[in-house]
Amino acid sequence: MSKTMFEKVWDDHVVVPETADTPAVLFIDLHLTHEVTTPQAYTELRARGLKLRRPDLTLATMDHSTPTRTEQVFGGVPIAVDSAAKQVRQLEINAQEFGVELFNLTDSRRGIVHIIGPELGITQPGKTIVCGDSHTSTHGAFGALAFGIGTTEVGHVLATQCLLQRRPKTFAINVNGRLAPGVTAKDLILAIIGKIGVSGGTGHVLEFRGPAIEAMSMDERMTICNMSIEAGARAGMIAPDATTFEYLAATPRAPKGAEWDAAVARWSKLPTDAGAVFDRSVDIDASVLVPMVTYGTHPGMVAPITGAVPMQGDAVFEKALAYMGLKAGEPIGNVPVNNVFVGSCTNGRLSDLRSAARVLRGHKLAQGVKMLVVPGSQAVKRAAEAEGLHQVFLDAGAEWRESGCSMCLGMNGDLVPSGHYSISTSNRNFEGRQGQGARTLLASPETAAASAIRGRVTDPREFTN
Amino acid sequence: MPAVKTIRSRTVALPATNVDTDQIIPARFLTSTSKAGFGKNLFADWRYDAAGNPKPDFVLNKPEAQGAAILVAGRNIGCGSSREHAPWALQDFGFQAVVSTEFADIFRTNCLKNGLLPVVVDERTHAWLLANPGVEVSIDVESTTLTLPDGTQVKFPLEGFARYCLLNGVDELGFLISQNVAITAYEQNHR
């Protein structure tokens, strides 16, 4: 029988099948953990006298609440946020006690959890991957079934390496044509969310398919899958192919030798069979897209950079525009920019920093603009520095920091001031996401860099094409 | 997890659609390592002004919201972050059930894991509840019905296993641990 890729991965991980009354017991191949969503789970394990079942399938890092200032990461100055410092220490205690491999604050392999899994090569096709973080969907770019879970479920996986799950439905996102020069993966996923809506994927696993997706690098595919959750989807997946295998072959923890050959043979059977049926599907023409920027308070409120804030009438829409200080009909290119953030699990990889640097090289930030560049991992930071990218940012007047989630959610004190417009390569423009009263405009690294130069939302194709 | 059998309470209505978990509990409060005490920061940025004083026009600050255990929320409640701190904050404030037409997946799961009952109702019932905040309704887990003040009963979906866990106050971890033989067999077959 023909199967979708999701069905193949799901079926391969069912320990106990679901019934009308009970969900399936699903085995988890990789559990990624971090400091914010695990402490209460370890407390529960201690209270019940339970052990970590599979330390070999569990990895811990620190990313959400960690400082990005070098002096706070590497000593000399204590972590500024005291409760964050305690949370970081608690993860060290928990990892030690339960035997979890931990990349601590000063570890050269540390980084955002969704950046380091792929970098290490532990994110692999056909795996089930979970993490107490909704952007776990990122790992689906490799043909893994990867999704975010809450802290109670983190405890379930720590104790049993399994989760109770209802089988989601499938949703094909067919992306035809090719993206035009200057139009990025970020623009595509924002356009997809704009089309299907922020709850359009609820209850479904998305599979991104078609020529535009096949032409993408792994970094671009990760940007796409990362934001599946912003459409409400359980997960997003992309079929593994030669691009996937080439990426993984260069990673330290991918299988080697004969095991590699066997893995590639296995992974090559994962793509959706011809004739397999999805529960839903939608077609997108990539070739007509232009750079996209959000204007509202969720990622579905998005418009072409060449367009205007739409006219709509309902109270929720009006409230969002009032928060953003924007008017219906206002050209997107008129929106001022005070703050620029390049980083996050969406766009904090080396290629993203290269893209931003390509636009920014030889330019200065517009007067009054502040820009923060935060690499997704320490490995990304080293690679960027080896290419001199950090110097491009510093010369322009931007700050260059240590890795972490940083200003994507502002847990560590990297905040946008109230009322300021922040063009950000991150994933959420919710009210207050980057700081109380902060007004976030989501965009690609290229658009963020171009806007930094002009001090208003700017089409990056003015610089690149 | 405490057992949840029936909930009878006045409602509080928060009609905004797509209320994300960053609104329910902003990220700056997530550095706690405990589950307790999030209620005071529930909807913090909608509830308090810059000086930390309650905004009188926000629904949770109104006298009629005090003691209410049922939140009627707009469509797609709980979207965004997977933070379980969101249901912890709602429960700590005093809510025992959330009623909407649609729940974000992870939020719904997190609610059920903590005995905060997610009640999905049809659009007509939802619209009526939003238009009539503060009415007394009752929710029965055994029969999976919500009863409106005029006696109208509305069924809501709740799968058998989740219902069993709620009624008996048992959490899923015990069930998962009881599957140890099957899990071990799976591990041995998938080395």
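We did not get these values from a lab; they are worked out from the coordinates using the rules stated. All figures in this text were calculated on a predicted structure; none of them were measured in a lab. With ideal geometry, Cβ positions are generated from the backbone for all residues, glycine too; neighbour counts draw on all protein chains shown.
Figures for the structure shown
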| read-out | value |
| --- | --- |
| Residue exposure sequence - B:Ile70, B:Ile7 - by fewest surrounding Cβ within 10 Å | B:Ile7, B:Ile70 |
| Among beta bridges that DSSP assigns inside region B:1-134, antiparallel share in %, nearest 5 | 5 percent |
| Inter-chain shielding of B:174-186 (mean C-beta neighbours from other protein chains, 10 Å cut-off) | 5 |
| Cα-based convex hull, region A:291-464, per residue volume (Å³, whole number) | 91 Å³ |
| For region B:48-92 and region A:442-464, distance of Cα centres in Å | 37 Å |
| Nonlocal amide H pairs with A:Met371, under 5 Å, H built at 1.01 Å | A:Val340, A:Glu399 |
| Under 10 Å, Cβ to Cβ, from A:Gly232 - net charge with Lys/Arg +1 and Asp/Glu -1 | -2 |
| Cβ-based exposure ranking for A:Asp21, B:Asp150, in which fewest neighbours within 10 Å come first | B:Asp150, A:Asp21 |
| Convex hull volume per residue in cubic angstrom - Cα atoms of chain A | 150 Å³ |
| Cα gyration tensor shape of region A:180-242, rounded if a/c is under 1.5, else prolate or oblate by comparing a/b with b/c | oblate |
| Whichever aspartates and glutamates have a C-alpha closer than 14 Å to that of A:Lys195, once near sequence neighbours (fewer than 8 apart) are set aside | A:Asp187, A:Glu230, A:Asp283, A:Asp285 |
| J(HN,Hα) series, region A:456-465, from Karplus relation 6.51 cos²θ - 1.76 cosθ + 1.60, nearest Hz, glycine and proline x | 8, 4, 9, 5, x, 5, 4, 9, 9, 8 |
| Whole-angstrom gap from region B:1-34 to region A:329-363, using each part's C-alpha centre | 34 Å |
| Bridge type composition, region A:171-299 - antiparallel percent by DSSP, nearest 5 | 5 percent |
| Relative contact order for chain B, counting Cα pairs under 8 Å that sit 6 or more residues apart, in percent | 27 percent |
| For B:Leu117, residues with placed amide H under 5 Å, excluding near neighbours | B:Ala97, B:Val98 |
| For A:Ala146, distant residues with modelled amide H under 5 Å away | A:Ile129, A:Gly140, A:Gly236 |
| For region A:390-465, convex hull volume per residue from C-alpha positions, Å³ | 97 Å³ |
| Spatial separation of Cα centroids for region A:127-195 and region A:243-289, in angstrom | 14 Å |
| For the protein assembly as shown, share of DSSP beta bridges that run antiparallel, in % to the nearest 5 | 30 percent |
| Members of A:Lys8/B:Lys113; A:Lys364/B:Lys55; A:Lys8/A:Lys381; A:Lys127/A:Lys169; A:Lys186/B:Lys62; A:Lys169/A:Lys381 lying beyond 30 Å, as alpha-carbon distances in this model show | A:Lys364/B:Lys55; A:Lys8/A:Lys381; A:Lys186/B:Lys62; A:Lys169/A:Lys381 |
| Top positive-direction residue, dipole computed over the protein assembly as shown with Cβ charges, set B:Ala162, A:Asn174, A:Val77 | A:Val77 |
| Segment B:Ala3-B:Asp122, extension gain: residue separation times 0.36 nm, minus the distance between their alpha carbons | 40.2 nm |
| Stretch gain in nm, segment B:Asn180-B:Lys155, where the contour uses 0.36 nm per residue and the Cα spacing is subtracted | 5.5 nm |
| For region A:413-422, 3J(HN,Hα) per residue [Karplus equation, 6.51 cos²θ - 1.76 cosθ + 1.60, θ = phi - 60°, Hz, x = Gly/Pro] | x, 7, 10, 8, x, 4, x, 6, 8, 10 |
| Computed magnitude of the charge dipole of region A:291-464 (debye, nearest 20; Cβ of K, R +1, Cβ of D, E -1) | 140 debye |
| Number of partner chain Cβ atoms within 10 Å, mean per residue of B:14-23 | 5 |
| Cβ neighbours within 10 Å from other chains - mean over A:40-50 | 2 |
| Zone of A:Ser2's modelled label, taken as backbone nitrogen in region A:262-305 under 15 Å from a point 7 Å along Cα→Cβ | A:271-281 |
| Added length on full extension, which subtracts the Cα-Cα distance from 0.36 nm per residue, A:Ser217 to A:Lys51 | 55.8 nm |
| Fewest-first ranking of B:Val12, A:Val337, using other Cβ atoms within 10 Å as the exposure measure | B:Val12, A:Val337 |
